[in-house]
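The values are calculated or read from the model by the stated rules, or taken from the named source; none is laboratory data. From a predicted model like this one, the values you see are computed outputs, not experimental measurements. In this analysis, Cβ positions are derived from the backbone assuming ideal geometry, glycine residues included, and neighbour counts consider all displayed protein chains.
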Amino acid sequence: MEFVKIVLVTGPARSGKSEWAEAMAQHAQKRVTYIATSTLNPEDQDWQRRIQQHRQRRPPDWQLQEVPLALAEVIGAGTAQDCFLVDSLGTWLANLLDQDEETWQATVLAFLASLQNTASQVILVAEETGWGVVPAYPMGRQFRDRLGALTRQVGTVADAVYLVVAGHALNLRQLAIPLDSPR
């Protein structure tokens, strides 16, 4: 795999996107920090099991940093020796879903600026939630719409974009025609 600075890996649930992102980080030849945007919830056994599966796949020399909110600040503080693997943008968004639209847009702009200005390699995992039915509740629609817009915005600044479906990674920079940047 060739070196690229900003990588977006997106796809549906259980598609292999985290494994693809982890494989890219293993080839980075940098100090890898796995940035978990979730926090451990001891009452959610399924979530604990998923977190444990992720931990078991990671090499022992990788660092772990839990960053549920301040993602732009952490990425912005990275050095050229760092590779940050962020898993995932959907969970980060869920942690910030109570922000009003103006605050959310400011958060997104700060995050995008951190990606563009960082010296670090950043590999971002994002879920694709907009391929199904329209959520019946306002918060579900807000989550879906914000995540769709966020991944599109990240895709415009990313050097590489991969869609992982059914255990196969597609390089969208090679296979796709990019649309104009969202407004």
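Determine whether region 143-156 contains at least one residue that is within 16 Å of T37 (Cα to Cα), outside any loop (DSSP other than H, G, I, E, B) and among the hydroxyl-bearing types (S, T, Y).
Yes, region 143-156 has at least one match.
Hey, could you check region 129-142 for residues that are in contact (Cβ under 8 Å) with a residue 24 or more places away in the chain and in a helix (DSSP H, G or I) and say which is nearest to T10 (Cα to Cα)?
Q142
Just to check your reading of the model, which residue among Q153, Q142, Q174, Q121 is of a type in the set (S, T, N, Q), modelled with pLDDT of 95 or more and farther than 25 Å from A77 by Cα?
Sole residue among the options that is of a type in the set (S, T, N, Q), modelled with pLDDT of 95 or more and farther than 25 Å from A77 by Cα: Q142.
Within the group S18, S88, S38, which residue is under 28 Å from D145 (Cβ atoms), at pLDDT below 95 and among the small types (G, A, S)?
Every option except S38 fails the conditions.
Return the residues of region 157-183 that are aromatic (F, W, Y) and part of a loop (DSSP other than H, G, I, E, B); say none if nothing qualifies.
None; the set is empty.
Of the residues R55, R49, which single one is under 18 Å from the mean Cα position of the chain (by Cα) and over 15 Å from I6 (Cα atoms)?
R55
When only residues in region 155-183 that are in contact with a Phe, Trp or Tyr (Cβ under 8 Å, 6 or more places away or on another chain) and in contact (Cβ under 8 Å) with a residue 40 or more places away in the chain count, which is nearest to T118 (Cα to Cα)?
Y162
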